[in-house]
Amino acid sequence: MSKPDPSQLDFFAQPVFPVRDGAKQVDVDRYRTKIKRAMARAIRECDYDRPTIAARMAQYLGLPNISKTTLDAYTAESRNSHDVTLIRFTAFVHATGALWLWDEVASVQGVTVLIGDEARLAEISRLRQERKRIEAEIRRQSARPVTLVSRGRG
């Protein structure tokens, strides 16, 4: 299959920054499965093996060790009684380099996480919108003639 022409828009592509609605109620089992699958994907895509990821997590947290078995439990869908804590999740993201995981966990709240220059790009867009609003106000104010009152001299 040939690659699409980059000059043509793909109307079927997923948005880079999706607009989401937060869940009214969390389906705990579904959310747990989603996070465990995302973490398992992060491990598959990582340049490090599981023991190295566990060691990197422990080093990041200043702990003597985190076992590969513990790491396996965090990603095993069958282990619904073994959820990763926020602190250990932070270490996991650090150890795997999978910053996109933050977007996965936040999406249930309707949040989209911006990483690195994405935040700067969003700020640029916000400033452009603000500039348009200010320019529109200047045009509105400029549409009326200005009459200056003499203030006299001295």
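The values are calculated or read from the model by the stated rules, or taken from the named source; none is laboratory data. Computed from a prediction, not measured in an experiment: that's the story for all the values here. Reconstructed Cβ throughout: ideal geometry from the backbone, glycine too, with neighbour counts over all protein chains shown. When the accessible area is computed, the model is the full protein with side chains, heavy atoms only, and any ligands, DNA or RNA have been set aside. Shrake-Rupley method; radii C 1.70, N 1.55, O 1.52, S 1.80 Å.
Data table
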item: Counted residues, the range 59-74 - those being farther than 23 Å from residue 33 by Cβ and either in contact (Cβ under 8 Å) with a residue 12 or more places away in the chain or in a loop (DSSP other than H, G, I, E, B) (or both); result: 6
item: Qualifying positions in the range 101-121 - part of a helix (DSSP H, G or I) and free of Cβ contacts under 8 Å to residues at least 40 places away in the same chain; result: 102, 103, 106, 117, 119, 120, 121
item: Count of residues meeting criterion [over 29 Å from residue 24 (Cα atoms) and either outside any helix (DSSP H, G or I) or open to solvent by 70 Å² or more (accessible area, probe 1.4 Å) (or both)] in the range 75-100; result: 2
item: Condition check for residue 97: in contact with a Cys (Cβ under 9 Å, 6 or more places away or on another chain), among the small types (Gly, Ala, Ser) and at pLDDT 95 or above; result: yes
item: Lone qualifier among 111, 105 - being β-branched (Val, Ile, Thr), crowded, with 16+ Cβ neighbours inside 10 Å and under 30 Å from residue 45 (Cα atoms); result: 105
item: Of the criteria (1) touching a Ser or Thr at 6+ places or on another chain (Cβ under 8 Å); (2) assigned to a helix (DSSP H, G or I); (3) within 28 Å of residue 118 (Cβ to Cβ); (4) modelled with pLDDT of 95 or more, which one residue 54 fails; result: (3)
